[in-house]
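Enquirer: Can you read through this structure? Questions will come right after.
Laboratory data are not the source of any read-out in this text; all were calculated from the coordinates shown. All values reported here derive from a predicted model rather than from experimental measurement.
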């Protein structure tokens, strides 16, 4: 039988992706493992992973999507509005786990 839980970093809760502290997360994971937890459910928060903004044109008409104040590029995860820094943090989290 597997034992698991929902996980948010102890220092930041839902802001863990914004306030990224891998050393705290590693400590949390060690503690959870020592308590017998084998499975974690994590939450890649949409506002952090896909922080799109709408650029408006004349008469407040939606014109374009922006990522960090700039037009979406034509390649890479940014073309889909995904923040590559958050993907790196997710990958690091998975490595820690």
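Enquirer: Working from Cα positions, state the angle (0 to 90°, nearest 10) between the long axis of helix 22-34 and the longest principal axis of the chain.
Expert: The two axes meet at around 40 degrees.
Enquirer: Where is the GNM fluctuation largest for the chain (alpha-carbon springs, 10 angstrom cutoff): 57, 13, 26?
Expert: Among 57, 13, 26, the largest mean-square fluctuation in the Gaussian network model of the chain belongs to 57.
Enquirer: Let me ask something else. Run the helix sum for the chain: -39,500 (n - 2.57) per DSSP H stretch of 4+ residues, divided by residue count, reported at 222 nm to the nearest 500 deg cm²/dmol.
Expert: -9000 deg cm²/dmol
Enquirer: Taking volume of the Cα convex hull per residue in Å³ straight from the coordinates, which label in (1) 143; (2) 117; (3) 184 is the correct one?
Expert: Recomputing volume of the Cα convex hull per residue in Å³ here picks out (2).
Enquirer: To the nearest 10 degrees, how steep is helix 84-96 against the longest Cα principal axis of the chain, on a 0 to 90 scale?
Expert: So the helix axis and the longest Cα principal axis differ by about 10 degrees.
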